[in-house]
Structure formats: structure tokens, C-alpha cells
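The values are calculated or read from the model by the stated rules, or taken from the named source; none is laboratory data. Owing to the predicted nature of the structure, the values given are computational and were not obtained by experimental measurement. Cβ sites come from the backbone with ideal geometry, for glycine too, and all protein chains shown count toward neighbours.
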Amino acid sequence: MTKALSPSLPIAYSKEVAAARQRGAPIVALESTIITHGMPYPGNIDMANSVEAIIRAQSAVPATIAVLRGTLHVGLEAEELEQLAQTTDALKVSRADIAFAIAERRTGATTVAATMIAAALAGIRVFATGGIGGVHRGAEESFDISADLEELARTPVIVVCAGAKAILDIPKTLEVLETRGVPVVTYGSKDFPAFWSRVSGLESPLMLSSPAAIANFQAVREQMGIDGGMLIANPVPEADEIPRDEMEVFIARALENAEKDDISGKAVTPYLLADIFKLTQGRSLKTNIALVENNARLAAEIAVSLAV
Ligand code: PSU
Ligand code: MN
């Protein structure tokens, strides 16, 4: 006989998140792979701290999610965040291996997929990140499709990102999301954004222009019993963007380097991000930080709207 799975995993909440849960205050989940594998120290800790501050300024509470020595943390204390930002050997954990990190008492940074799982366990409905994983260019050969897409299809969390990185095959990424029933909503624009750039050249499947409209859309989905997540794409602010044609040159170079260095599997995304950081002499990092901050603000506004 199979036993129904009902989660009973102990979760360590930060003081701030525990208090927010008690009073029913809006909470915004944040991932940690972006900290350990997405940006170099100390840019990563500056980003993490400023993103948390932005969420607090919108009257919501930030919950950065990670596995620390085998314990699932939802919300990190300032010292824990600082320590994680300096950890160089954290596992990058997704749906396939978040439980492994816990079972083996390891430290794991959560991807979008794993952060969604933890957020749902903690009853958090909104999550801010930079970019999601997607269908990689050449996926017809490599089969490299991020588990983030499948997670968006099954786990009821609203994920706010800046679109899909142009290191991915964006048309194929949008096709998979449509097939799997994930609404893709661009905030205030008809153009689906491409992370560092405000436009990808593709039209967004859906568009909404206020946090209240996004909260209302989600409420109707829930009334209909439609489960799974939704993706909000928030274009990077104009002042911080790197235009698409400029970015394409760096991306092409980084993809060539990855091929030369024989990079595959979960190392691909971190490799490309680091290489693009080098190729742009740090400019991509500045843009990356600005867009995550912008997403944190919108996610907090959505969380506040969902709470009223
Ligand atoms: N975007 C960034 N930095 C990152 C990532 C995305 O700007 O570090 C991370 C996210 O955690 C995302 C993961 O979930 O990369 C996707 O990895 P993969 O393609 O291996 O699924
Ligand atoms: Mn992959």
C-alpha cells in the first residue's frame, strides 16, 4: 500500500519570518543559488542585503531560502546570509537534490525550482528572483531543460523574474511554459524581456500593469482550481539595461567558451553567468543586481495585494 505523502519536515524560520507568519503579514521568498553560484562575493551579499531591505520597505518580509548543514531555512538571519555568501562549496540544489542535501546534512543553495518547493511548504505565495532556468540553446541535442519549468507547472507560487536569459533558447522556453500551462505575464509591457535587456524580440503571452491585477488573476485561477505557478516577467529598468544586440556578442562568446571547456549539466548556467561577467567587465553584474532589486519591489507589492 502506498502511503500519502504529507510533508512533516522541520523548517527553521528566521525570527522575522516566524513573526510575520504569526500575524499573517505578506512574505516574499528569495532564492540562494543566485547568491552562491550566480554572483561573486561581495557583490552577492550586497545584492542579498539590498533586496531584503527593498522588500521590508514595501511592508513585506523577506524569506531567503537555503539548506544550512542539513536544515531547511526559510528566512536567514543576517549572519547566516553573510556566511552563505562566503561559502564556496554549497551544493546547487533543485527538485532532484534538495532532499539529498537535507538527508546528507549538507549546505545547499536553492534554485528557482527548489525555492518554490520550500516556499510552498511554508505557505509563501510570492517569490522574487533574477532569471529563471529554461530550455538551453541546443537542447534538441543536449536535452538541457531546467527543472524550473516543470516546477512552475506544478507548484503554486508566483515567481517574479526579469524574463529568461538570452543564454537560453527563449522561444522554446516560452513554448514549454505554454504546453505545461504556466501563465507568462509581462509587467507593463507587450514585449517579453530577456534579463539584461528589456526586450527579447518576442511578444509576451500575457500582460498586466498593476500588482492588484496580478493578485486578482491569481485569485481567479484559485477559484477555478487551476494549480501550479505563474511567471511574472518584469523588464529591467531602462537606466540599467544592456541592449540586446550588445548582449548577443557576449553571449555568443560565452557559449563558445562553455563548449570549449566541455561544460554540461548544472554547471552550465553558473559558468555562463561568470563568463559573461568577465566579458562585460562587471557591467552584467550591475545590471543583474538592479533587475533583482526591481523584481523584489514588484514581488513585495504583489504579496501585499494578495494579502488584502
Ligand atoms: N539567474 C541568475 N543567476 C542564477 C540563476 C538564474 O541570474 O544563479 C540560477 C537560478 O537559481 C535558477 C538556476 O533556478 O540558475 C537554473 O539553473 P539550471 O539552468 O541548471 O536549472
Ligand atoms: Mn540544466
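Here is a list: V28, V67, V17, V74. Which entry is touching a Pro at 6+ places or on another chain (Cβ under 7 Å) and touching a residue at least 40 places away in the same chain (Cβ under 8 Å)?
Only one candidate passes the filter, namely V28.
Can you confirm whether F195 is more than 17 Å from T33 (Cβ to Cβ) and in contact with a strand residue (DSSP E or B) (Cβ under 9 Å, 6 or more places away or on another chain)?
no
For residues that are basic (K, R) and within 13 Å of ligand 2 (Cβ to nearest atom), tally how many sit in the range 82-136.
Residues flagged as basic (K, R) and within 13 Å of ligand 2 (Cβ to nearest atom) within the range 82-136 amount to 2.
Given (1) within 16 Å of ligand 2 (Cβ to nearest atom); (2) in contact with a strand residue (DSSP E or B) (Cβ under 8 Å, 6 or more places away or on another chain), identify the lone condition not met by E141.
(2)
If you go through the range 19-40, how many residues are at negative phi, modelled with pLDDT of 95 or more and outside any helix (DSSP H, G or I)?
Final tally of qualifying residues: 8.
Just to confirm my filter: which helices (runs of 4 or more DSSP H) fall fully inside the range 50-160 and include at least 2 residues that are in the same structural domain as A300 (by TED's automatic domain parsing) and of a type in the set (G, A, S)?
The qualifying helices (runs of 4 or more DSSP H) are 139-142, 147-154.
Out of the range 188-212, which residues are crowded, with 24+ Cβ neighbours inside 10 Å and in a strand (DSSP E or B)?
Hits for the range 188-212 are F192, P193, A194, S197, S200.
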